[in-house]
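Okay, so here's the structure we're looking at.
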């Protein structure tokens, strides 16, 4: 078995390794997993929120002190969505309100060109995943800042299309 296919059974948890910016905002990192389908159309992978009925989103989570920002982005995609791929250049940084308290987070988003979709991954039993069109993703995604990141990904891909 290849080392890259060895996936932990559980996701990292806890906040003891979390990064915070100078304003004491928790730093989170996410990916927009994407692929070009057989009709040469862009598809993105959305996942369900951990809490049932809270909509869909892109994989994201805390950026920890023992990893680079791109390592964190890939780890979150593996843990939450069960996909591997190439983490591309950052789409941007957003400040958004925490759903659980009055604080704000600093979120960094990256495109992830998916190369492999895993059958088993750490959060398989608590999340659904679905490949959807950009229009569908905009309808179901619960976060405005993630929709803005998706718009930036679309613009980037349109300016440098696949061959």
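Readers should treat all values here as calculations from the given coordinates under stated rules, not as data from a laboratory. Remember, it's a predicted structure, so these values are computed and weren't measured experimentally.
Normalised size of the stretch 118-163, defined as Cα radius of gyration per 2.2 N^0.38 Å with N residues, equals 1.44.
May I ask you to compute the full-extension gain from residue 126 to residue 66, defined as 0.36 nm times their residue separation minus their alpha-carbon distance, rounded to one decimal in nm? Walk me through the numbers before you get to the answer.
On the way: separation 60, 0.36 × 60 = 21.60 nm, distance 2.59 nm.
Full-extension gain reported as 19.0 nm.
If you take the Cα atoms of the stretch 38-163, find Rg, then find the Kirkwood Rh from the mean of 1/r over all pairs, what is Rg/Rh?
Values: Rg = 14.3 Å, Rh = 15.2 Å.
Result: Rg/Rh = 0.94.
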